[in-house]
Structures are given as C-alpha cells and as structure tokens.
Amino acid sequence: MSEQQTFTTAGSDATLLDALVVGAGISGIYQLYRLRELGLDVQLLEAGTGVGGVWFWNRYPGARFDAESYTYGYFFSKELIEEWDWSEEYAGQPEIERYLNYAVDRFDLRGLINLEQRVSSAVWDATDRRWTVTTDSGRVWRARYVVTALGILSAPAFPKIPGLEDFRGEWAHTGLWPAEGVDFKNKRVAVIGTGSSGVQIIPIIAGEAESLVVLQRRPNWCTPINNFDITPERMLDIRNRIDEIFEATQLSPSGSPHRPMMESSLDLDPDERRKRFEKLYDSPGLVMALGNFRDVAVNQEANDNCTAYIAERIRARVNDPAVADRLIPTDHGFGQKRPPLENGYYEVFNEPHVSLISTMEEEMVRFTETGIQTSEGHYEFDLIVFATGFDAVVGSYNRIDIRGENGLSLREHWEAGPRTLFGMQTAGFPNLFMIGGAQSVTGTIPRITDFQADWVASTIEYADEHGYATISTTESAEDEWIDHVNSTIVGTLQQTAESWAFGSNVPGRKRAYLLYAGGLPQYRERVRAATAAGYQGLQFS
Ligand code: N01
C-alpha cells in the first residue's frame, strides 16, 4: 500500500500519503503507531518543537498527572510496561514528557513525525478523494485519511480585558509555558486563574517569589494529591497486576481504577460518615472524587454533606476565616466539576507575602504598563501568570480552516455546537476522523483514545479490504449521537456547574455540553454495537 511520493499541486510540493495524523500527544502517537502497524503510509504533523502534546506545552512547574501514572500510560505494549519505571504515583510533567519520547523511539516513530508543522488548513478534494493539508510553514501533504488528535485543552484562553500589549513586565500562560522556564525570584507575581493549573503552580510560585497576588474568579473544591514515590517493589507489584489494573480501568466510567462505593452515605450515622470522608480526603489522587459513596455524585443531600466536610477541612487549613470563605465555592458542590488536586495550596494563603483577590468582588479592568487595574485599585507586578485555561474542545478545531464536501467549513457546521457521530466523525467531512474530541471524552483521556485509535484503524482496514475509498457519516446519525450525549448529562449534578466542559469560560460561546457523561463502558458498547450491526451511522463508498 506504500505510495509515498512527492508531487506538485497548485505550485507547491506535496507529500502523498495514505494517512496523516495531526497532534503528537499521547493519543496521536498511538494512532500513528496503529496506522503504521496496519501497513499504511502514514505521517504525523505536530505544531510543537517536541512530542508530548498537552505534556509538551504545559511545562509549568508543578504540572503533574492527577491519574495514577501507570493508569494514564500506554497498555498496548507489554515490553513498554516492562521497561518503564514510574518514579511517582502521580508523575510530574518532565517525567511524562520523557516517557512519551521514550515510547516514540521505542516504537521507531520519530522518523514519521514532522515537528514545527502547525496545520493551518485541511481541504477535502472530492475528485481524487483526498485531503490537502497545509501547515504554517507552507508545506503541503495529501492523504486519503486525516485523523486529528488535537487535544481538548490545547487552545489557550486569556481574559478579555484590554492592555496586555502595554504591560512592560513579563507574562506567561501555563498552557504555553516557555521551554527555558520562568524565574520567579525577587519578583512581584500575579496568577490569574485557580483551576487545576493555577492550583498546581501557585504553591511553587509562593515558595520563590517576593510577593504573590492570586486573582480568583470562581473557587474550586481542591483536595490533596497525597502523592508518593513508587518504590522498586511497588513497581514490580504494579507490573504483576497490570492486567487487573487495565481491567479495572475498562470497567470504570472514568477509565480510573477507582470505583464509587456501593453504600449510601445517607445510611450511615453522622460520626461514621465523617470518619469515612476523613479517610477519603487523606487518600491519594482522585479517590475522594471517584471512590466516594455512590450517592455523593447524584443525591443533593449526600453531596451537600460531603461538600460541607471539605469546606471544614479548608477552614482548618486557612488561618483567616475571611480568606477561607473566599476560597470555598458556593456555586457548585464537590465533584460537579473535576476537582483540582493540590499540594499545600490552601496553606499558601497563610503566608504574609501572598494575597487573594476575588475578581467577582473586585473586577479586573485592564492591564497597564506596570500591572493590573481593578475596580478597587492598581497593583504592580513584574510577572503575570495566566492560568486561565483553554478554549476547550472546539477551540483547537476552530484554529484550523477545515473544509469538507462542497467547501463546507467545519466552523460553520459546528456553529451551534459540535456535531459528531461517536465524537469521531462529522457529516460532510469524509475520511476525517477525530480522536479525543468533542462528544466522546470522558475521564482519563488515553483510556478513551486508545479505543478510538483502534476503531479508526480497523474501520480504515475494513474500507480498504472492501475496496471503499470514502467513509462518512450523516446528519441524522449525528442527531442521534447528540441526543444520546445530551441524555447522559441530564439529571446529573454536573449539569448545573459552569466550566470549560460547557464552554462557560469563553465569553460569548453558546452553552453546550462538549464531553460525554455516559462513561467509558457505555461509550465502547455503543460504538461496538453499531460496528457489529454493519457500521450503523457510517456510509462507505
Ligand atoms: O483551566 P480551567 P486549567 N478572570 O479552565 C479562571 C486539566 N488539567 O488550565 O472558573 C478571572 O479549569 C477560571 O475562572 P472560572 C483538567 O481537566 C489537569 O486550570 O472560569 N479568572 C479558572 O479559575 C482541568 O479541568 C491537570 O470562573 C479567569 C481558571 O482561570 C483542565 O485541564 C492540570 C478568567 C481556568 O481554569 C483545565 O485546567 C492542569 C478571567 N477573565 C489542567 N478567565 C492535572 O492535574 C478564566 N479565569 C492532570
């Protein structure tokens, strides 16, 4: 099937391929591997100067997994599992980046990866049934199939207030952190944003900076990460249990090894319930969120009890009750948004050189030459850190001019919100697959995208074996999937929380649920059933 060659189209040299993967994150790397194993002539385009995707760009100090390292990594290769020792239960960004580089070399993929190639457009050519993909550098690829693995959190978002160009100090965004690092010493630093990224970086900045002002809009329910080193004995035990661990990730809605307890918290007497919340709070990682009583996620009273317990723990850690009040969310209960994991976060606000501003009470008005003007006064800074998150899910697609049949633009097709079948195809865009994108993502991302990458590979294999040149879906299949996706969020406590999962952090964005709340087993079951029934929802020609 190898047909790689260079030919001239519209005055430019184009590389002709079977398939092109976009994005060298954990999902795109695996997709590249799968398509190469299938015997396709495939390459990958990546905007960064290195591989790793979210773990390449988010190199801010403190960035680390909130899933257990060995449950986030690859499961497809026994050799890789044998060879790679994780050093911490929740590994930090440098180790994750090393791991992904190791995987790329281990599977001999580096030669297929084109770095510093940010895709600017992808245009479907119905005549020869290929995509023409152009990057910022002007290079052109033509491929029968394009698989985007753009990541849901890759287009950084900034506050919509004026004046950043006037600011004479330094600034950095956690999602675009400079490779050379940022020095906080002897600097007056502002951090805007207290989501997972802000909560991870704030204690580190507080430990080094001359002063730190945290500008918080809506506080989150943060719980301690309780990270620990993985000893050689533990690593051996993990390896011995790896099939069991994998099985647990497959059975769980979130791809995590943790399952909610079957008991109802409301059946326990208050003392016993409290003891159990205490144990959960002191457990590692996301156990408090994912291994909690089943009713905490669905029953308001149960959720209120758990939320009140966490508020109590926060109050015990913050000396000034007024500051504690500001750090405690009042707009949502615990677990209604993915809770950030923290390491000494609340204690930071007891330090004399750290202060907290609620931008709900004291609005940011503009950036100035020397700092930030708020509705109450002016603050001088040497460095502003934006931990303001991402134009999630659709933002990474909106940055590319993607045109399908009859010049249809994906931006237009998705104007009222994303439209997909299984989160992997969209009507009017034949032979374009998306993995880890809208309307499919739930929980630990690689646990869904490894399934999707396998499905994309087997679907292409099926088309090739049957002599089909195009694979597409229909608007009615999209409608059915959208109805299903929306039904998964109805009635949950997450439904009311404002977060990037609904696009709420991007001013002007229509509120639409961007992820998939049905859980991994149900997602896989639906895709498998439709496939077994003759690829329901897809059309081959
Ligand atoms: O982004 P966010 P993030 N004025 O959108 C605030 C994953 N992740 O990069 O909540 C003032 O969560 C905004 O306020 P509000 C994880 O899935 C994982 O932190 O919109 N503030 C919020 O506080 C996570 O959910 C890890 O009111 C403004 C913050 O900026 C996702 O990535 C680590 C503002 C943005 O929080 C995103 O996390 C890091 C404004 N104009 C990230 N605009 C792990 O641990 C925004 N904000 C694996």
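The values are calculated or read from the model by the stated rules, or taken from the named source; none is laboratory data. Treat the numbers as computed from the prediction; the structure is a model and nothing was measured. No Cβ is skipped: glycine too gets one built from the backbone with ideal geometry, and neighbour counts run over all protein chains shown.
For the range 48-78, what are the residues that are of a type in the set (D, E, K, R) and within 13 Å of the ligand (Cβ to nearest atom)?
Within the range 48-78, ARG59, ARG64, ASP66, GLU68 qualify.
Could you go through the range 324-332 and let me know if any residue there is within 16 Å of the ligand (Cβ to nearest atom), out of contact with any Pro (no Cβ under 6 Å at 6 or more places or on another chain) and either part of a strand (DSSP E or B) or among the polar types (S, T, N, Q) (or both).
yes
What residue, of ASP243, ASP237, ASP267, is free of Cβ contacts under 8 Å to residues at least 40 places away in the same chain, over 28 Å from GLY73 (Cα atoms) and not basic (Lys, Arg)?
So the residue among ASP243, ASP237, ASP267 that is free of Cβ contacts under 8 Å to residues at least 40 places away in the same chain, over 28 Å from GLY73 (Cα atoms) and not basic (Lys, Arg) is ASP267.
Scan the strands (runs of 3 or more DSSP E) fully inside the range 37-153 and keep the ones with 2 or more residues being among the polar types (S, T, N, Q).
Strands (runs of 3 or more DSSP E) meeting the threshold: 119-125, 130-135.
Just for strands (runs of 3 or more DSSP E) wholly inside the range 376-473: which have at least 1 residues that are in contact with a Lys or Arg (Cβ under 7 Å, 6 or more places away or on another chain)?
378-380, 383-386
Restricting the search to the range 252-282, which residues are part of a helix (DSSP H, G or I) and either exposed (fewer than 14 other Cβ atoms within 10 Å of the Cβ) or among the polar types (S, T, N, Q) (or both)?
SER265, LEU266, ASP267, PRO270, ASP271, GLU272, LYS275, GLU278, LYS279
Does ILE372 satisfy the criteria of being within 12 Å of the ligand (Cβ to nearest atom), assigned to a strand (DSSP E or B) and in contact with a Leu (Cβ under 9 Å, 6 or more places away or on another chain)?
Answer is yes for this residue.
Please enumerate the residues belonging to the range 369-395 that are of a type in the set (Ser, Thr, Tyr) and within 21 Å of PHE184 (Cβ to Cβ).
Passing the criteria: THR370, TYR379, THR388.
Restricting to the range 492-506, and then to whatever is more than 18 Å from ALA289 (Cα to Cα) and without any contact (Cβ under 8 Å) to a residue 60 or more places away in the chain, can you tell me which residue is farthest from the ligand (Cβ to nearest atom)?
Among residues in the range 492-506 that are more than 18 Å from ALA289 (Cα to Cα) and without any contact (Cβ under 8 Å) to a residue 60 or more places away in the chain, the one farthest from the ligand (Cβ to nearest atom) is PHE502.
Residues to consider are LEU45, LEU38; find the one that is surrounded by fewer than 19 Cβ atoms within 10 Å (Cβ to Cβ), modelled with pLDDT of 95 or more and away from the ligand (no atom under 16 Å from the Cβ).
On inspection, the qualifying residue turns out to be LEU38.
It is to be established whether one or more residues within the range 234-242 are away from the ligand (no atom under 16 Å from the Cβ), assigned to a loop (DSSP other than H, G, I, E, B) and under 30 Å from ASP183 (Cα atoms).
no
Considering (1) surrounded by fewer than 17 Cβ atoms within 10 Å (Cβ to Cβ); (2) within 20 Å of the chain's Cα centre (by Cα); (3) part of a helix (DSSP H, G or I), say which one THR488 fails and leave the rest.
Every listed condition holds for THR488 apart from (1).
Which members of the range 188-233 meet the condition of being near the ligand (Cβ under 10 Å from one of its atoms) and assigned to a helix (DSSP H, G or I)?
Listed by number, the residues that qualify are SER196, SER197, GLY198, VAL199, GLN200, ILE201.
In the list ALA14, ALA19, which residue meets the criterion of being among the small types (Gly, Ala, Ser) and either within 23 Å of ASP454 (Cβ to Cβ) or not in a strand (DSSP E or B) (or both)?
Going through ALA14, ALA19 in turn, just one is among the small types (Gly, Ala, Ser) and either within 23 Å of ASP454 (Cβ to Cβ) or not in a strand (DSSP E or B) (or both): ALA19.
Based on what the data block shows, is ARG315 basic (Lys, Arg) and in contact (Cβ under 8 Å) with a residue 24 or more places away in the chain?
So ARG315 does not fit the description; no.
Return the only residue of SER487, SER472 being among the polar types (S, T, N, Q) and over 16 Å from LEU432 (Cα atoms).
So the residue among SER487, SER472 that is among the polar types (S, T, N, Q) and over 16 Å from LEU432 (Cα atoms) is SER487.
Just the residues that are in contact with an Asp or Glu (Cβ under 9 Å, 6 or more places away or on another chain) and under 17 Å from ARG524 (Cα atoms), please, taken from the range 445-494.
ALA457 - this is the single residue of the range 445-494 that is in contact with an Asp or Glu (Cβ under 9 Å, 6 or more places away or on another chain) and under 17 Å from ARG524 (Cα atoms).
If you take the residues of the range 307-323 that are in contact with a helix residue (DSSP H, G or I) (Cβ under 7 Å, 6 or more places away or on another chain) and in a loop (DSSP other than H, G, I, E, B), which of them is surrounded by the fewest Cβ atoms within 10 Å (Cβ to Cβ)?
It comes out as ASN319.
Does GLY344 count as closer than 25 Å to ALA67 by Cβ, in contact (Cβ under 8 Å) with a residue 12 or more places away in the chain and surrounded by fewer than 20 Cβ atoms within 10 Å (Cβ to Cβ)?
Yes.
Look through the range 471-485, keep the residues that are polar (S, T, N, Q) and buried (at least 16 other Cβ atoms within 10 Å of the Cβ), and return whichever of them is nearest to GLY537 (Cα to Cα).
Only one residue fits best here, namely THR473.
Return the only residue of ALA438, ALA427, ALA457, ALA453 being in contact with a Pro (Cβ under 8 Å, 6 or more places away or on another chain) and within 21 Å of ALA529 (Cα to Cα).
On inspection, the qualifying residue turns out to be ALA438.
Looking at the range 163-171, is at least one residue within 13 Å of the ligand (Cβ to nearest atom), in contact with a Gly (Cβ under 9 Å, 6 or more places away or on another chain), at negative phi and not polar (S, T, N, Q)?
No, every residue in the range 163-171 fails to be within 13 Å of the ligand (Cβ to nearest atom), in contact with a Gly (Cβ under 9 Å, 6 or more places away or on another chain), at negative phi and not polar (S, T, N, Q).
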